[in-house]
Amino acid sequence: MHPVVESVTARLIERSRERRTRYLQRLESALQREPRQQLGCSNLAHALAAQASDARLILRQGGAPHIAILSSYNDLLSAHAPLQHYPVQLRQALAEVGATAQFAAGVPAMCDGITQGEPGMQLSLFSRDLIAQATAIGLTHGIFDGGLYLGVCDKIVPGLLIGALSFGHLPAVFVPSGPMASGLSNGEKAAVRQRYARGEATREELLAAELGAYHGAGTCTFYGTANTNQLLMEAMGLHVPGSAFVPPDSPLRPLLTREAARLVARNSRQGERWLPLGQQIDARVLVNAVVALLASGGSTNHGLHLPAIARAAGFELTWEDFAALSRVVPLLARVYPNGQADVNQFQAAGGPAWVLRELLQAGLLHAEVATVAGEGLAAYTREACLEAGELAWRALPPDSPAPDIVRTYSQPFAAEGGLVLLQGNLGRAQLKTSALDPAFWHIRAPARIFRDEASVQHAYQAGLLQGDLVLVVRFQGPRANGMPELHKLMPLLANLQAAGQRVALVTDGRLSGASGQVAAALHVTPEAACGGALAKLRDGDIVELDVRRGTLAVQLAAEEWSAREPVTHHEPLAAGFGLELFSLQRRLASPADQGGSILTGEH
């Protein structure tokens, strides 16, 4: 085991000792309340009323696992549309092993791609907490022995996992649906977006490119937050091994889905190998997740999600943990936006199994962790396949079949994972370097300050963004407006950079998981709306961002900076698009480095 991985894990355990103890005590208390046995007859009758007679009989007799199905299915989102028929498949598979299931809850699932740049994006991060709460509502009926969690995209999987951890005395298996078929390449799509931002492409051309890229059922094919979720579920041992990037129409997909049902029944208290989720997700599993995120060049959004997930399991995962691991974890995959390949090409080259195998061999992952498959993490280093029509797993070749997509540990794309912690008199921030040319790792330039994405776009279109600059978009944190993604800034910033200007972005907001070619200090905390230093910046202040030194600072004398008064945030009450219903979240959200959540504070 690499000594840095060991030391980060040890510090995480020690730092979290009291919080984790309280969490495990809650699990023990929940375990004392045996599902169904303490339900009154009327209560149980309500649960059985709509069940088929054979399922009623099994439930009344007891002794067999009864499994909750929780799903983010809707047919608005391409990634979730394939989930429509999963409950029938899962019930059939469970019946074959003598178990029963009920569809316990549907959870909301919104698409950042649809809401980018629109008011609804202000609800995106908050939807994660709502999904967790909806998950808890489904499980709180107290009749289940385990859960199957059907979801894919950005906030959905973290929300389902946070909710499931609140019922951590139950086993859990996460069930994906896979990526859509490859269409117009991500690079070609990005080029059309940049041309459109410059006024060189028509709206019809832009729409044709977008439709060519997003054209079928399944997740988007770039390696953004949705697909990073799926790789992390493999690294955390929560999937059927090898199921992350199998397409919806593959003959493997229904077999993997059925295997998920078999595993959750086996891992229940009535099964062969009891595995409560809250005990499965320990410090080693969380460290494994961060290592896999770094080695694959995954989404910066997990700088928010993983700390929130960790806190839900009783751990205090910090950005310092990310930074320490990033310095020793090499970059082993190049998938768009870190390269030209999409996730289907990544899967064909070896996918998550390749990355996990190389990390395990290098001693960068904890191997002997509990997984739903029951074989430690080694089970996730093989790819799923068909043998005589049955589900099987096979070893990957020792040498990379596509060295432009995946590399061995001894010949990585970069020596470091590329998620840097920046600190200075402007606060703390995270910056992703895995898709960033080292030529842009340092900038010292005047600040250009804006309050929202739209005003930056207007300034760009008016030709007002001239010369080297550090674009500061503030009052975009969880307390200000829900921390929307600012993805529409990327084409115009890329254009400025391509034209020879040195540019960077500094914001207390977030970017899409598919962003990365422009230096971007994200999630700045404390955020401006809470008196953070960004609120004290003025147009023209010289800001320095230095990746190698890990600094983010305004170049002013300490006395002048400390004496300067922050700008007051006078944002009117958010209204319309349902925003007014989430005012409580805006008041209570935790800082970004704790996940931007209302659910994961002290209990």
- Residue by residue through the range 250-294, note down the ones that are free of Cβ contacts under 8 Å to residues at least 60 places away in the same chain and surrounded by fewer than 19 Cβ atoms within 10 Å (Cβ to Cβ). Glu272
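Would you confirm, using the coordinates I've provided, whether Glu200 is over 18 Å from Met236 (Cα atoms) and at pLDDT below 85? Working first, answer last.
Working: over 18 Å from Met236 (Cα atoms): yes; at pLDDT below 85: no.
Judged against the criteria, Glu200 is not a match.
Take the range 412-437 and flag every residue that is polar (S, T, N, Q) and within 11 Å of Ala333 (Cα to Cα).
First pass over the range 412-437, keeping only residues polar (S, T, N, Q): 423, 425, 430, 433-434.
Ser434, the sole residue that qualifies.
Basic (Lys, Arg) and within 20 Å of Ile143 (Cα to Cα): which single residue out of Arg253, Arg284, Arg266, Arg258 fits that description? Steps first, please.
Values: Arg253 fails: within 20 Å of Ile143 (Cα to Cα); Arg284 fails: within 20 Å of Ile143 (Cα to Cα); Arg258 fails: within 20 Å of Ile143 (Cα to Cα).
So the residue among Arg253, Arg284, Arg266, Arg258 that is basic (Lys, Arg) and within 20 Å of Ile143 (Cα to Cα) is Arg266.
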- Query: Out of (1) surrounded by fewer than 24 Cβ atoms within 10 Å (Cβ to Cβ); (2) more than 17 Å from Gln594 (Cα to Cα); (3) not hydroxyl-bearing (Ser, Thr, Tyr), the odd one out for Ala504 is which?
  - Reply: (1)
- Condition test on Pro352, is it modelled with pLDDT of 95 or more, buried (at least 22 other Cβ atoms within 10 Å of the Cβ), in the same structural domain as Leu277 (by TED's automatic domain parsing) and out of contact with any strand residue (DSSP E or B) (no Cβ under 8 Å at 6 or more places or on another chain)? yes
- Message: Looking at the structure I just gave you, is Ser583 part of a loop (DSSP other than H, G, I, E, B) and polar (S, T, N, Q)?
- Response: no
- Going by the structure shown, is Ala402 among the small types (Gly, Ala, Ser), surrounded by fewer than 19 Cβ atoms within 10 Å (Cβ to Cβ) and either at pLDDT 95 or above or not assigned by TED's automatic domain parsing to the domain that holds Leu325 (or both)? yes
- Query: In this structure, does Ser455 turn out to be among the hydroxyl-bearing types (Ser, Thr, Tyr), in the same structural domain as Gly516 (by TED's automatic domain parsing) and farther than 27 Å from Ala529 by Cα?
  - Reply: no
- Wholly within the range 225-294, helices (runs of 4 or more DSSP H) carrying at least 2 residues that are β-branched (Val, Ile, Thr): 225-235, 252-266
- Note on the structure: Per the filter on the range 96-114, residues assigned to a helix (DSSP H, G or I) and either free of Cβ contacts under 8 Å to residues at least 40 places away in the same chain or charged (D, E, K, R) (or both) are Glu96, Asp112, Ile114
- Item | Residue identified as under 27 Å from Ile281 (Cα atoms) and loosely packed, with under 11 Cβ neighbours inside 10 Å among Ser29, Ser42 | Ser29
- The one condition Arg394 fails out of (1) free of Cβ contacts under 8 Å to residues at least 60 places away in the same chain; (2) in contact with an Asp or Glu (Cβ under 8 Å, 6 or more places away or on another chain); (3) farther than 27 Å from Arg266 by Cβ is (3)
- Gln466 vs (1) of a type outside the set (Phe, Trp, Tyr); (2) surrounded by fewer than 19 Cβ atoms within 10 Å (Cβ to Cβ); (3) more than 20 Å from Asp539 (Cα to Cα): all pass except (3)
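Tell me whether the range 332-341 contains one or more residues that are among the aliphatic types (A, V, I, L, M), in a helix (DSSP H, G or I), under 20 Å from the mean Cα position of the chain (by Cα) and buried (at least 24 other Cβ atoms within 10 Å of the Cβ). Steps first, answer last, please.
Keep residues of the range 332-341 that are among the aliphatic types (A, V, I, L, M), which gives 332-333, 335, 341.
Applying the additional criterion that residues be in a helix (DSSP H, G or I) yields none.
No, that holds for no residue.
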- Query: Pairs, please: C-beta under 7 Å, at least 6 apart or cross-chain, first residue without any contact (Cβ under 8 Å) to a residue 24 or more places away in the chain and in the range 190-204, second not in a helix (DSSP H, G or I)?
  - Reply: Val192/Ala201; Arg195/Ala201
- Test: Glu559 is surrounded by fewer than 23 Cβ atoms within 10 Å (Cβ to Cβ), part of a loop (DSSP other than H, G, I, E, B), at pLDDT below 95 and among the acidic types (Asp, Glu): no
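Being outside any loop (DSSP other than H, G, I, E, B) and surrounded by fewer than 20 Cβ atoms within 10 Å (Cβ to Cβ) is the filter here, so list the residues in the range 405-430 that pass it. I'd like the intermediate steps shown before the answer.
As a first pass, look at the range 405-430 and keep what is outside any loop (DSSP other than H, G, I, E, B): 406, 414, 419-424, 427-430.
Ala414, Gln423, Gly424 - these are the residues of the range 405-430 that are outside any loop (DSSP other than H, G, I, E, B) and surrounded by fewer than 20 Cβ atoms within 10 Å (Cβ to Cβ).
The values are calculated or read from the model by the stated rules, or taken from the named source; none is laboratory data. Keep in mind that what you see is a predicted model, and the values were worked out from it rather than measured. Ideal geometry is used to build each Cβ from the backbone, glycine not excepted, and the neighbour counts take in all protein chains shown.
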